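Notes follow once the structure below has been shown.
Read the figures in this text as sums done on the coordinates, not as results from a lab. Model, not experiment: these values are computed from the prediction. Here Cβ is always computed from backbone atoms with ideal geometry, including for glycine, and neighbour counts include all displayed protein chains.
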Amino acid sequence: MRANQPLVLALPKGRILKDVAPMLAEVGIAPEPAFDDPDARQLRFNTNVAGLSIIRVRSFDVATFVAFGAAHLGVAGNDVLMEFDYAELYAPVDLKIGHCHLAVAEPRDMVDQDDPSRWSHIRVATKYPGITKRHFAARGVQAECIKLNGAMELAPTLGLCRRIVDLVSSGATLRENGLVEVEKITDITSRLVVNRAALKTRPTEIQPWIQKFQEVADAA
């Protein structure tokens, strides 16, 4: 990580990007026009701030880019931070956006006969095997995780497994697929994340951005 390297801010594609866009304006960052085009194939964008560019990547990849120093700052949900638990990531600001929670869900017709407190072994489909295994291990339940990156709600319907662990916002997707939330794991919001080494070597450049995002989050 070169000291004179331009700062890179990694942002996630999708729903969180829409939530974080107004915050960018409030801290004084204006990306080039192509940034607002969801169909643009471009992944790196200049900004009005000299020496600061933005990359737009998958939400899970934000943590990786920042942890390994390819980006200096980023925005990631604490679901991603909990799953990867990178030592090089520092998350100083809860941006208070992207509110949802991680939960266990199962088919509606199982609920009346099921008692989560009696589980000893479960098989689940999830994007979060690390969080899932740690959560259940803490209560003495062995979790066998089938890793999926999407379409989690299909897993019980097609017989892959009986339960899923996934993010839940309104719960509409679960309902539409005949699933019911039976256990909440943790609340999720998006955080400003910083590479620890970059913060140590370039504090005069990075600390002001932490302060600006903190002020915007506090005012929300």
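For trypsin sites (Lys or Arg not before Pro), the sites in segment 133-220 that DSSP calls loop and that have at most 13 other Cβ atoms within 10 Å are Arg139.
So, R0 is 25 Å and r is the distance between the beta-carbons of Ser170 and Glu32; what FRET efficiency does that work out to, to 0.05? Could the numbers behind the result be given before it?
On the way: r = 33 Å, r/R0 = 1.33.
Rounded to the nearest 0.05, the efficiency is 0.15.
Taking a straight line from the alpha carbon of Lys133, these lysines sit under 20 Å away, with near neighbours fewer than eight places off in the same chain left out: Lys147, Lys184. Restricting attention to segment 100-187, close to 55% of DSSP beta bridges with both partner residues there are antiparallel.
Taking the number of other C-beta atoms within 10 Å as the exposure measure, put Val124, Val182 in order starting with the fewest.
Numbers: Val124 27, Val182 15.
Least to most surrounded, the residues fall as Val182, Val124.
Dividing the summed -39500 (n - 2.57) terms of all DSSP H runs of n ≥ 4 by the residue count of the chain sets its mean residue ellipticity at 222 nm at -9000 deg cm²/dmol. Can you work out the PRE-style zone for Asp94? Point 7 Å along Cα to Cβ, and I want the residues of segment 59-88 with backbone N under 13 Å. Zone members listed by number: 78-79. Here the Karplus curve 6.51 cos²θ - 1.76 cosθ + 1.60, taken at θ = phi - 60°, turns the phi angles of segment 44-61 into couplings of 10, 10, 6, 10, 6, 9, 4, x, 9, 10, 10, 10, 10, 9, 4, 4, 5, 7 Hz, with x standing for Gly and Pro. With R₀ fixed at 41 Å, the C-beta to C-beta distance from Ser117 to Phe84 puts the FRET efficiency at about 0.90. The slack between Asp39 and Asp187, meaning 0.36 nm per residue of separation minus the straight C-alpha distance, is 50.2 nm.
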